[in-house]
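Okay, so here's the structure we're looking at.
The values are calculated or read from the model by the stated rules, or taken from the named source; none is laboratory data. Because the structure is a prediction, the values reported are computed rather than measured. Every residue, glycine as well, gets a Cβ built from its backbone with ideal geometry; the counts of neighbours run over all protein chains shown. Only protein heavy atoms, including side chains, enter the accessible area calculation; ligands, DNA and RNA are left aside. Shrake-Rupley method; radii C 1.70, N 1.55, O 1.52, S 1.80 Å.
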Amino acid sequence: QVQLVESGGGLVQAGGSLRLSCAASGSISNINAMAWYRQAPGKQRELVAVIINSGTPNYGDSVKGRFTISRDNAKNTVYLQMSGLKPEDTAVYYCAAMKSVGWYWGQGTQVTVSS
(Lines give C-alpha, C1' and ligand atoms only; values in the text may rest on other atoms or scores of the structure.)
Protein backbone atom coordinates (compact mmCIF):
# COMPACT_ATOMS: atom_id res chain seq x y z
CA GLN A 1 0.00 0.00 0.00
CA VAL A 2 1.02 3.56 -0.71
CA GLN A 3 -0.23 6.43 1.43
CA LEU A 4 -0.40 9.88 -0.13
CA VAL A 5 -1.08 13.05 1.82
CA GLU A 6 -1.67 16.32 -0.02
CA SER A 7 -1.29 19.77 1.45
CA GLY A 8 -1.06 23.38 0.33
CA GLY A 9 -4.53 24.01 -1.02
CA GLY A 10 -6.51 27.10 -0.16
CA LEU A 11 -8.17 30.24 -1.42
CA VAL A 12 -6.27 32.53 -3.77
CA GLN A 13 -7.14 35.42 -6.05
CA ALA A 14 -6.97 35.10 -9.80
CA GLY A 15 -3.42 35.59 -11.00
CA GLY A 16 -1.97 34.28 -7.76
CA SER A 17 0.13 31.24 -6.98
CA LEU A 18 -0.02 28.18 -4.78
CA ARG A 19 2.25 25.20 -4.23
CA LEU A 20 0.75 21.82 -3.50
CA SER A 21 2.74 19.08 -1.84
CA CYS A 22 2.17 15.33 -1.80
CA ALA A 23 4.06 13.21 0.69
CA ALA A 24 4.26 9.51 -0.09
CA SER A 25 4.81 6.75 2.45
CA GLY A 26 4.40 3.02 2.77
CA SER A 27 5.34 0.74 -0.10
CA ILE A 28 6.89 3.46 -2.23
CA SER A 29 9.37 1.32 -4.09
CA ASN A 30 8.61 0.62 -7.74
CA ILE A 31 6.41 3.66 -8.19
CA ASN A 32 6.52 4.31 -11.92
CA ALA A 33 5.01 7.77 -11.99
CA MET A 34 3.47 10.42 -9.79
CA ALA A 35 0.68 12.66 -10.96
CA TRP A 36 -1.72 15.41 -10.02
CA TYR A 37 -5.36 15.22 -11.08
CA ARG A 38 -8.20 17.59 -10.35
CA GLN A 39 -11.95 17.39 -10.26
CA ALA A 40 -14.28 20.36 -10.36
CA PRO A 41 -17.93 20.10 -9.31
CA GLY A 42 -19.97 18.40 -12.00
CA LYS A 43 -16.93 17.58 -14.10
CA GLN A 44 -14.82 14.51 -14.68
CA ARG A 45 -11.48 14.09 -13.03
CA GLU A 46 -8.74 15.34 -15.35
CA LEU A 47 -4.99 14.98 -15.52
CA VAL A 48 -3.09 18.09 -14.49
CA ALA A 49 0.49 16.89 -14.57
CA VAL A 50 2.51 13.69 -14.39
CA ILE A 51 6.17 12.99 -13.78
CA ILE A 52 7.66 9.62 -14.59
CA ASN A 53 10.74 8.00 -13.06
CA SER A 54 13.05 9.52 -15.64
CA GLY A 55 11.93 12.92 -14.44
CA THR A 56 10.13 13.82 -17.65
CA PRO A 57 7.02 15.87 -16.94
CA ASN A 58 3.84 16.10 -18.96
CA TYR A 59 0.96 18.52 -18.51
CA GLY A 60 -2.66 18.87 -19.35
CA ASP A 61 -3.28 21.41 -22.10
CA SER A 62 -5.16 23.78 -19.80
CA VAL A 63 -2.20 24.22 -17.43
CA LYS A 64 0.80 24.18 -19.75
CA GLY A 65 3.06 27.12 -19.13
CA ARG A 66 1.43 27.91 -15.77
CA PHE A 67 1.95 24.80 -13.62
CA THR A 68 5.15 22.91 -12.85
CA ILE A 69 5.43 19.44 -11.36
CA SER A 70 8.58 18.44 -9.52
CA ARG A 71 9.72 15.90 -7.00
CA ASP A 72 12.17 15.54 -4.15
CA ASN A 73 13.14 11.87 -3.98
CA ALA A 74 14.92 12.32 -0.67
CA LYS A 75 11.67 13.52 0.90
CA ASN A 76 9.38 11.21 -1.11
CA THR A 77 7.42 14.29 -2.01
CA VAL A 78 5.95 15.61 -5.24
CA TYR A 79 5.06 19.25 -5.74
CA LEU A 80 2.77 21.18 -8.01
CA GLN A 81 3.69 24.82 -8.40
CA MET A 82 0.70 26.69 -9.75
CA SER A 83 1.02 30.20 -11.11
CA GLY A 84 -1.29 32.48 -13.05
CA LEU A 85 -4.25 30.81 -11.41
CA LYS A 86 -7.66 31.25 -12.98
CA PRO A 87 -11.15 30.75 -11.55
CA GLU A 88 -11.49 27.70 -13.79
CA ASP A 89 -8.61 26.08 -11.89
CA THR A 90 -10.94 25.76 -8.91
CA ALA A 91 -11.18 22.07 -8.04
CA VAL A 92 -10.17 19.38 -5.63
CA TYR A 93 -6.62 18.38 -6.49
CA TYR A 94 -5.59 14.77 -6.01
CA CYS A 95 -2.15 13.27 -5.86
CA ALA A 96 -1.74 9.83 -7.45
CA ALA A 97 0.99 7.21 -7.60
CA MET A 98 1.19 4.61 -10.33
CA LYS A 99 2.61 1.14 -9.73
CA SER A 100 2.33 -1.98 -11.82
CA VAL A 101 -0.57 -3.15 -9.66
CA GLY A 102 -2.55 0.03 -10.12
CA TRP A 103 -3.05 3.58 -8.92
CA TYR A 104 -3.04 4.93 -5.39
CA TRP A 105 -4.80 8.17 -4.50
CA GLY A 106 -4.61 10.82 -1.84
CA GLN A 107 -7.63 12.33 -0.14
CA GLY A 108 -7.46 15.56 -2.13
CA THR A 109 -6.95 19.20 -1.30
CA GLN A 110 -9.30 22.03 -2.27
CA VAL A 111 -8.03 24.88 -4.43
CA THR A 112 -10.37 27.83 -4.87
CA VAL A 113 -9.51 30.73 -7.16
CA SER A 114 -11.60 33.86 -6.78
CA SER A 115 -12.12 36.33 -9.60
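Relative contact order for the chain: what is it in percent, counting Cα pairs under 8 Å that are at least 6 residues apart?
37
Please compute the net charge surrounding residue 63, taking Lys and Arg as +1 and Asp and Glu as -1 over other residues with Cβ under 10 Å from its Cβ.
Summing Lys/Arg as +1 and Asp/Glu as -1 gives +1.
Provide, for the chain, the number of lysine pairs with alpha carbons under 24 Å apart, each pair being eight or more places apart or on different chains. Kindly include the intermediate steps, with their values, before the conclusion.
Numbers: 43/64; 43/86; 64/86; 75/99.
Pairs that pass both the separation and distance tests number 4.
First measure r as the distance between the Cβ atoms of residue 43 and residue 5, then evaluate 1/(1 + (r/R0)^6) with R0 = 22 Å and state the FRET efficiency to the nearest 0.05. Mind showing how you got there, number by number?
Numbers: r = 24 Å, r/R0 = 1.10.
With a Förster radius of 22 Å, E is 0.35.
Can you work out the base-10 log of I(q)/I(0) for the range 19-108 at q = 0.14, 0.20 1/Å, using the Debye formula on its C-alpha atoms alone?
Once normalised to I(0) and log-transformed, intensities are -0.46, -0.94.
If I model a spin label at residue 112 and residue 86 as a point 7 Å from the Cα along the Cα→Cβ vector, what separation in nanometres do I get?
Distance between the two pseudo-spin positions: 2.1 nm.
Can you give the accessible area per residue of the range 8-58, in Å², using a 1.4 Å probe?
So the range 8-58 comes to 54 Å² accessible per residue, rounded to a whole number.
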